[in-house]
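Below is one structure, written out as structure tokens, with a few remarks after it.
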């Protein structure tokens, strides 16, 4: 009985965390309309992976499932580095153009559509 109750509680939490990873991946906080940096994005994704990992361990999921979670966790730092590189590169290139703020913002928006 306790195990069934545990599964009934944890399944929605896992589903919510999986969906949250998709939202956390965006460059822009859709609720507030502000840009997010690589460190913030990676931290949010890692937090959701940690939640899923904890539940997977509590539910004694098979080794393959746990290995896939670890693989996803290993990708997060590389993803953060990529996001920071691209963002910095675009910022540097736009800065060299010495554009006025409206044009600079438009150029960022064109090069990083979620800007």
Report summary line: Rounded to the nearest 10 degrees, the helix 101-111 long axis (Cα) sits at an angle to the longest Cα principal axis of the chain of 50
Query raised in the report: If you average the sequence gap of Cα pairs under 8 Å that are 6 or more apart and divide by the length of the stretch 2-111, what percent do you get for the contact order?
Result: 23
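For a footprinting-style exposure proxy, rank 34, 14 by other Cβ within 10 Å, fewest first. Provide the component values of the computation, followed by the final result.
Working: 34 8, 14 15.
Ascending number of Cβ neighbours within 10 Å: 34, 14.
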Requested in this report: Work out, step by step, the length gained on full extension between residue 111 and residue 40: first 0.36 nm times the residue separation, then minus their alpha carbon distance; give nm to one decimal.
Outcome: 23.5 nm
Query raised in the report: For q = 0.15, 0.18, 0.20 Å⁻¹, what log10 I(q)/I(0) does the stretch 11-115 give under the Debye formula with an equal point scatterer on each alpha carbon and no solvent?
Result: -0.70, -0.88, -1.01
Query raised in the report: GNM, the chain, Cα, under 10 Å: largest mean-square fluctuation among 13, 82, 64?
Result: 64
Report summary line: Nearest 10, in degrees from 0 to 90: the angle of helix 2-24 to the longest Cα principal axis of the chain is 10
Query raised in the report: Pairing the Cα long axis of helix 38-58 with the longest principal axis of the chain, what angle in degrees results, from 0 to 90 and rounded to the nearest 10?
Result: 10
Query raised in the report: Efficiency by 1/(1 + (r/R0)^6): what FRET value for residue 30 and residue 64, r their Cβ-Cβ distance, R0 = 25 Å, to the nearest 0.05?
Result: 0.15
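Here, each number is a calculation from the coordinates, and none is a lab measurement. Every value quoted in this text rests on a predicted model; they were computed, and no experiment measured them. Every residue, glycine as well, gets a Cβ built from its backbone with ideal geometry; the counts of neighbours run over all protein chains shown.
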